[in-house]
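Colleague: Below are the structure tokens for one structure; questions will follow.
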Amino acid sequence: LVTKEHPIILKDDKEGFNVAITGCNYNLKTDKDANKEPYMVDKKEGDFHIHLIHGMLTEKSYGTLFPHTLVDEIRDTKADLTIAGHDHIGFDTIEHDGKLFVNPGAVIRLNNGEREMARQPKVMLIDITKEKGIQLKMIPLKSAKPAEEVLSVENKIEKKTMEQRINSINKH
């Protein structure tokens, strides 16, 4: 596993630059209180630095609903690109002062919730050149069938019908 202490360094001799990749896995302290250390890269290890984090990085606050970290809270990282992955829905690329923050989402759908049903699973291509820097391209998976074909909505309909029946009984 890649860590902050042991980065992977990729060299592009033709273009004349290197890319450092660091990472941090999820643990119970990630996203709790003021602990932003797993997200922060203190020292840039290459010409370009990519940091992978299995944390609940979000673009907006969810209050106390669940532990999470806001992109605004880690904007001082030295990483050029921070890729998060705990939220399986994902979010589009956010840029702050030339730094990129992104979560492309999971390549599989986990449930039949509205957001999952509407989401097209994708992968992210990272293209780095000395001239253009880091470019991200989201590629929808052609192999991912429409959600309606692979996820059952029957139990969702049954649950809603049951809730309506219960509510009707409670009213009487």
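The values are calculated or read from the model by the stated rules, or taken from the named source; none is laboratory data. Worth saying up front: this structure is predicted, and the values here are computed from it rather than measured. Methodologically, a virtual Cβ is constructed for each residue, glycine included, from the backbone with ideal geometry; neighbour enumeration extends over all protein chains shown. Surface accessibility is based on the protein's heavy atoms, side chains included, excluding ligands, DNA and RNA. Shrake-Rupley method; radii C 1.70, N 1.55, O 1.52, S 1.80 Å.
Colleague: Looking at LEU52 and the list (1) modelled with pLDDT of 90 or more; (2) part of a loop (DSSP other than H, G, I, E, B); (3) under 18 Å from the mean Cα position of the chain (by Cα), which single condition is not satisfied?
Modeller: (2)
Colleague: If you don't mind, another one. State which residue is nearest to LEU151 (Cα to Cα) when the search covers only the range 82-115 and only residues that are surrounded by fewer than 16 Cβ atoms within 10 Å (Cβ to Cβ) and among the β-branched types (Val, Ile, Thr).
Modeller: The residue in question is ILE108.
Colleague: I need the full set of residues from the range 13-37 which are open to solvent by less than 50 Å² (accessible area, probe 1.4 Å) and more than 12 Å from HIS68 (Cα to Cα), in order please.
Modeller: GLY16, PHE17, ASN18, VAL19, ALA20, ILE21, THR22, GLY23, CYS24
Colleague: Given the criterion within 11 Å of the chain's Cα centre (by Cα) and either part of a loop (DSSP other than H, G, I, E, B) or of a type outside the set (Gly, Ala, Ser) (or both), identify the matching residue among THR64, THR93, THR77.
Modeller: Just a single option satisfies the conditions, and that option is THR93.
Colleague: Further question on the same structure: Any residue in the range 116-129 that is of a type in the set (D, E, K, R), open to solvent by 80 Å² or more (accessible area, probe 1.4 Å) and touching a residue at least 12 places away in the same chain (Cβ under 8 Å)?
Modeller: No, the range 116-129 has no match at all.
Colleague: Would you mind finding the one in ALA144, ALA118, ALA79, ALA106 that is at pLDDT 90 or above and among the small types (Gly, Ala, Ser)?
Modeller: After applying the criteria, what remains is ALA79.
Colleague: Okay, moving on. Would you please name the residue that is nearest to the chain's Cα centre (by Cα), looking only at residues in the range 1-40 that are among the aliphatic types (A, V, I, L, M) and in a loop (DSSP other than H, G, I, E, B)?
Modeller: Applying the filter and picking the extreme gives MET40.
Colleague: A further question on this structure: Which condition does TYR62 not pass, out of (1) touching a residue at least 24 places away in the same chain (Cβ under 8 Å); (2) within 30 Å of PRO146 (Cα to Cα), if it passes all the others?
Modeller: The number of the failed condition is (1).
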